[in-house]
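Please treat every number below as a calculation from the coordinates, not as lab data. Remember, it's a predicted structure, so these values are computed and weren't measured experimentally. Every residue, glycine among them, receives a Cβ derived from its backbone with ideal geometry; neighbour counts consider all protein chains shown.
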Amino acid sequence: MTRKMKKLRGLRRYYKNLAIKNDFELCGTLDYMKCPDAWFDRGHWHFDWWGLGNNSFKRRRPHLDKLFRHFEILIENAKWIKTEFQLFALILDNNSESDAVYLHSPNPNNSDFPIVWDDLSEECTLKNNDLIAYLDQLTQYDKLYGVRRKPFCILIPKNVGWSKILWLTSKTQLSHQRRK
């Protein structure tokens with residue numbers, strides 16, 4: 001038995017709101033960043049909840065535009081964070097609903113800070129040509145690539161939070177540096 005897919009309604013309004021709304025105004029994130037004892041345990045924000053951009057880059061592009069607009073808002077407000085932190089965007093090759101902006105810091109939950117991947121490189125692992133072209137235009141970020149089940153790209157703002165060099169440091173070197 002095949003099930004007929006429900007037609008999505010209100011997409012014109014949905015895409016218009018993607019272009020103009022600031023989600024951080026609704027959730028109080030920017031106010032919390034100004035608290036002297038603020039911490040983040042892999043705090044993240046997704047912008048394509050329904051995966052509308054999975055099958056069409058024309059539909060994915062507005063979600064990416066919103067993601068990077070919010071990324072810039074976080075970068076601008078990161079000056080208020082009083083502790084070490086990692087700020088990055090994680091973009092998956094063909095999985096639009098998993099694209100997200102992350103903010104992570106030491107926290108009382110004792111989750112791993114910093115987040116370190118041993119297998120990142122500067123060589124592009126993505127296969128989606130439209131996505132590669134889009135990301136290549138973003139020169140204000142350092143880009144690192146990897147593959148865990150699927151190819152992905154991590155974008156790190158330059159001179160904000162932990163730098164690209166620290167991301168490329170292996171876990172062994174990092175723990176050795178902390179002991180010094």
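Would you work out if the range 98-153 is rounded, prolate or oblate? Take a ≥ b ≥ c from the square roots of the eigenvalues of the alpha-carbon gyration tensor; rounded if a/c is under 1.5, else prolate when a/b is larger than b/c, oblate otherwise.
On the way: a/c = 2.33, a/b = 1.86, b/c = 1.25.
It comes out prolate by the Cα gyration axes.
Could you list, in their original order, any pairs among Lys58/Lys158; Lys16/Lys150; Lys21/Lys150; Lys58/Lys127; Lys21/Lys158; Lys16/Lys58 whose Cα atoms are separated by more than 22 Å? Present the calculation step by step, with values, prior to reporting the outcome.
Working: Lys58/Lys158 28 Å; Lys16/Lys150 30 Å; Lys21/Lys150 30 Å; Lys58/Lys127 17 Å; Lys21/Lys158 26 Å; Lys16/Lys58 14 Å.
Over 22 Å Cα-Cα: Lys58/Lys158; Lys16/Lys150; Lys21/Lys150; Lys21/Lys158.
Please give, to one decimal in nm, the separation of the simple spin-label points placed at Ile132 and Glu76, each 7 Å out from Cα toward the Cβ.
3.3 nm
Separation between the Thr125 and Lys21 pseudo-spin-labels, each 7 Å from Cα along Cα→Cβ, expressed in nm?
3.3 nm
How big, on average over all directions, is the shadow cast by the Cα convex hull of the range 12-179, in nm²? Display every interim value, and only then the final one.
Working: hull surface 41.5 nm².
Here the figure is 10.4 nm², rounded to one decimal.
How do 51-57, 67-73 rank on mean C-beta neighbours within 10 Å, highest first?
Highest mean packing first, the order is 67-73, 51-57.
Once you list every other residue whose beta carbon is under 10 Å from the beta carbon of Lys150, what net charge do they have if Lys and Arg are +1 and Asp and Glu are -1?
Numbers: positive: Lys127, Arg148, Arg149; negative: Asp93.
Overall, the nearby charge balance is +2.
Compute the length gained on full extension between Arg61 and Lys34: take 0.36 nm times their separation in residues and subtract their Cα-Cα distance, giving the result in nm to one decimal. Display every interim value, and only then the final one.
Values: separation 27, 0.36 × 27 = 9.72 nm, distance 3.09 nm.
Gain in length upon complete extension: 6.6 nm.
Between Trp117 and Gln140, 0.36 nm times their residue separation minus their Cα-Cα distance comes to what?
Working: separation 23, 0.36 × 23 = 8.28 nm, distance 2.19 nm.
Stretched fully, the Trp117-Gln140 segment lengthens by 6.1 nm.
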